[in-house]
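Working notes for the structure below.
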Amino acid sequence: MNSPKKNGKKTLLLLLLAFAVPVIAAKLILSFGLYNGGATNKGELLEVGINYQSLDMTNPQPKEWQLLYQLPAICDTTCLDRLYILQQSHIAMGRNQDRVHTIIMLDENSDSSALTSFDFITATPTPALTQLLKDQQFVVVDPLGSMVMSYPTTTSHQAQIMQGKAIVADLRKMLKLSRIG
């Protein structure tokens, strides 16, 4: 028969392994970058510190959530689709429509004739903000004026519709969790 001393060492060793192995495995997985966090946002988070003040611009709608879009020099079908998606996304916000404002950034080269059938707030961007919005992407701005999330340009109509749904989903989530604006 086994002596009680020998059996106690085996139990202690198994107990230590039961607690040490998961900790060591987690450390290895995290250190080798094998774990992707459970992010539920569909847009790309922007770096902390990008805001209107750092871009040398006054906030066109202070204390309000904003969705920004830079109108290009030539507004082709992709641009018109994006403007339509912006309009429909704002309507899809439902009871939160008054908390989110769509702002179209117009510079001296923008094709402002494309806005005739839309009712958006417009503003003039600084060169730094124009650089941030250079690829006709959407950018979400929080009520404090910080750029939070961006959505890259998509070309197909179906991809733009899916992007509009993603914007609405992300905005609803942010509005639900927001204690400001």
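Residue count for region 104-138, restricted to those that are without any contact (Cβ under 8 Å) to a residue 12 or more places away in the chain and hydroxyl-bearing (Ser, Thr, Tyr): 2. Checking each residue of region 69-79 against the condition of being open to solvent by less than 80 Å² (accessible area, probe 1.4 Å) and within 26 Å of LYS173 (Cβ to Cβ) gives at least one match.
State which residue is farthest from ILE85 (Cα to Cα) when the search covers only region 128-142 and only residues that are open to solvent by less than 10 Å² (accessible area, probe 1.4 Å) and not aromatic (Phe, Trp, Tyr). Explain how you work it out, then say what you get.
Let us first name the residues in region 128-142 that are open to solvent by less than 10 Å² (accessible area, probe 1.4 Å), namely 129, 133, 138-141.
Pick out the ones that are also not aromatic (Phe, Trp, Tyr) and you get 129, 133, 139-141.
Numbers: LEU129: 22, LEU133: 17, VAL139: 14, VAL140: 14, VAL141: 18 Å.
The qualifying residue farthest from ILE85 (Cα to Cα) is LEU129.
Of the residues making up region 36-57, those that are in a loop (DSSP other than H, G, I, E, B) and surrounded by 11 or more Cβ atoms within 10 Å (Cβ to Cβ) number 10.
Every listed requirement among (1) in a helix (DSSP H, G or I); (2) in contact with a strand residue (DSSP E or B) (Cβ under 8 Å, 6 or more places away or on another chain); (3) in contact (Cβ under 8 Å) with a residue 40 or more places away in the chain; (4) open to solvent by 10 Å² or more (accessible area, probe 1.4 Å) is met by GLN87 save one, (3). Against the conditions (1) assigned to a loop (DSSP other than H, G, I, E, B); (2) crowded, with 18+ Cβ neighbours inside 10 Å, GLU108 satisfies every one except (2).
Filtering region 59-73 to residues that are under 15 Å from LEU129 (Cβ atoms) and assigned to a loop (DSSP other than H, G, I, E, B) leaves ASN59, PRO60, GLN61, LEU71, PRO72.
Inspect region 93-103 for any residue being without any contact (Cβ under 8 Å) to a residue 12 or more places away in the chain, more than 25 Å from ILE50 (Cα to Cα) and either open to solvent by 20 Å² or more (accessible area, probe 1.4 Å) or in contact with a Pro (Cβ under 7 Å, 6 or more places away or on another chain) (or both) and give the result as yes or no.
Here is the first cut: in region 93-103, the ones without any contact (Cβ under 8 Å) to a residue 12 or more places away in the chain are 94-95, 97-98.
Add one more test, that the residue is more than 25 Å from ILE50 (Cα to Cα), and what stays is 94-95.
Still in the list and also either open to solvent by 20 Å² or more (accessible area, probe 1.4 Å) or in contact with a Pro (Cβ under 7 Å, 6 or more places away or on another chain) (or both): 94-95.
Scanning region 93-103, I find at least one residue that is without any contact (Cβ under 8 Å) to a residue 12 or more places away in the chain, more than 25 Å from ILE50 (Cα to Cα) and either open to solvent by 20 Å² or more (accessible area, probe 1.4 Å) or in contact with a Pro (Cβ under 7 Å, 6 or more places away or on another chain) (or both), so the answer is yes.
Could we say that VAL148 is within 22 Å of GLU44 (Cα to Cα), part of a strand (DSSP E or B) and not charged (D, E, K, R) here? Here the answer is yes, as VAL148 does meet what is asked.
Assess whether ILE29 counts as being in contact with a strand residue (DSSP E or B) (Cβ under 8 Å, 6 or more places away or on another chain) and either surrounded by 11 or more Cβ atoms within 10 Å (Cβ to Cβ) or acidic (Asp, Glu) (or both). No; evaluated as a whole, the condition is false for this residue.
Of ASP76, ASP56, ASP81, all but one fail to be over 25 Å from ALA128 (Cα atoms) and among the acidic types (Asp, Glu); the exception is ASP81.
The values are calculated or read from the model by the stated rules, or taken from the named source; none is laboratory data. None of these values were measured; they are calculated from a predicted model. In this analysis, Cβ positions are derived from the backbone assuming ideal geometry, glycine residues included, and neighbour counts consider all displayed protein chains. Protein only, heavy atoms only, side chains kept; ligands, DNA and RNA dropped before computing areas. Shrake-Rupley method; radii C 1.70, N 1.55, O 1.52, S 1.80 Å.
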